[in-house]
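Report on the structure given below.
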């Protein structure tokens, strides 16, 4: 993992762009230069119950503090990118009814942030923004097309085809976690309790915890059984015990990899991007851990077993490089692309057409 490209403010290439990545518990805010390098970042609590208007006010305050910290003025900031969880109406700049933000309903968040900052704002789904970050300066920087799956509480997705971000007619494009991988009537429910048999019902952290609990309750022996007597079961705990060699934890990782591989086959057979990137917190330690490497290889093996030969051995499946910074970097990149396009300047090879401008 090469990590996030960074630069000191004095060496940053102007103009600069803010990226804002809204999550259920935290909001990441980053200042990014014209080459996609992170100048500075900060995080504030979402405080979801206070609603989106309060969050917008606090985001502006945090931006001011961040600029003061690096001795940069607002005139050096060209535009702002904003990523939020779905559902949303990107052309109108509305956040509609995101499951993890129950007090954020039908709010014109794009225009509210633009008014607060005095800058144009480009709006995107949070997973699409993360995918754009990886495409611009992360794992996908050498690829014209890619799919990104973000593995966390649920499974998010972002798709870029020949530099174009797939947002869809109803701002629901690239919701890869909701593809069907199990059509049985008794298939598992997704993390939000809605769709049955969807990828996130099998390959999310929520699914990992649920399946592990079921096996433990059925009497399976595991070091996890001793831990849950004093700790709450998490996907991280499963990864830790898998790294220690626990058979049940390894079984869960292998099963998760199998379901994810099945989902990737469907996506690749539809899009043929050449690259699939796995991001999010639920990576079992990533390339730095035995469990993470086992997980990635399991995904690759299942994909190769099921995919057509023409893509089976020529499609790369890799972990993401930007970690939790991908969202704000991608949001800033989308803002940069849109700003350059509006200014009549070519955004260059690594920039997609960016909808969502106020």
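The values are calculated or read from the model by the stated rules, or taken from the named source; none is laboratory data. From a predicted model like this one, the values you see are computed outputs, not experimental measurements. For neighbour counting, all protein chains shown are included, and Cβ atoms are generated from backbone atoms with ideal geometry for every residue, glycine included.
Could we say that residue 256 is assigned by TED's automatic domain parsing to the domain that holds residue 173, modelled with pLDDT of 95 or more and surrounded by 18 or more Cβ atoms within 10 Å (Cβ to Cβ) here? Give the derivation first.
Details: assigned by TED's automatic domain parsing to the domain that holds residue 173: yes; modelled with pLDDT of 95 or more: yes; surrounded by 18 or more Cβ atoms within 10 Å (Cβ to Cβ): yes.
So residue 256 fits the description; yes.
Determine whether residue 291 is in a helix (DSSP H, G or I), surrounded by 16 or more Cβ atoms within 10 Å (Cβ to Cβ) and out of contact with any helix residue (DSSP H, G or I) (no Cβ under 6 Å at 6 or more places or on another chain).
no
Tell me which residues, restricted to segment 228-242, are surrounded by fewer than 18 Cβ atoms within 10 Å (Cβ to Cβ) and either within 30 Å of the chain's Cα centre (by Cα) or not assigned by TED's automatic domain parsing to the domain that holds residue 299 (or both).
Keep residues of segment 228-242 that are surrounded by fewer than 18 Cβ atoms within 10 Å (Cβ to Cβ), which gives 228-234, 236.
Within segment 228-242, 228, 231, 232, 233, 234, 236 meet the criteria.
All but one of (1) surrounded by fewer than 23 Cβ atoms within 10 Å (Cβ to Cβ); (2) part of a helix (DSSP H, G or I); (3) modelled with pLDDT of 95 or more; (4) touching a strand residue (DSSP E or B) at 6+ places or on another chain (Cβ under 9 Å) hold for residue 304, so report the exception by its number.
Every listed condition holds for residue 304 apart from (4).
Give the residues of segment 293-336 that are free of Cβ contacts under 8 Å to residues at least 40 places away in the same chain and more than 22 Å from residue 152 (Cα to Cα), sorted by residue number.
304, 308, 309, 310, 312, 313
What number of residues in segment 188-200 are out of contact with any helix residue (DSSP H, G or I) (no Cβ under 7 Å at 6 or more places or on another chain) and either on the phi < 0 side of the Ramachandran plot or outside the structural domain of residue 149 (by TED's automatic domain parsing) (or both)?
Final tally of qualifying residues: 3.
What number goes with the only condition from (1) over 20 Å from residue 153 (Cα atoms); (2) out of contact with any strand residue (DSSP E or B) (no Cβ under 8 Å at 6 or more places or on another chain); (3) without any contact (Cβ under 8 Å) to a residue 24 or more places away in the chain that residue 36 does not pass?
(3)
Just to check your reading of the model, which residue among 71, 12, 62 is more than 30 Å from residue 278 (Cβ to Cβ) and modelled with pLDDT of 95 or more? Explain how you work it out, then say what you get.
On the way: 12 fails: more than 30 Å from residue 278 (Cβ to Cβ); 62 fails: more than 30 Å from residue 278 (Cβ to Cβ).
Exactly one of 71, 12, 62 is more than 30 Å from residue 278 (Cβ to Cβ) and modelled with pLDDT of 95 or more, namely 71.
Just to check your reading of the model, which residue among 3, 24 is in contact with a helix residue (DSSP H, G or I) (Cβ under 8 Å, 6 or more places away or on another chain), on the phi < 0 side of the Ramachandran plot, assigned to a loop (DSSP other than H, G, I, E, B) and surrounded by fewer than 22 Cβ atoms within 10 Å (Cβ to Cβ)? Full working, then the answer.
Values: 3 fails: on the phi < 0 side of the Ramachandran plot.
Criteria check complete, one pass: 24.
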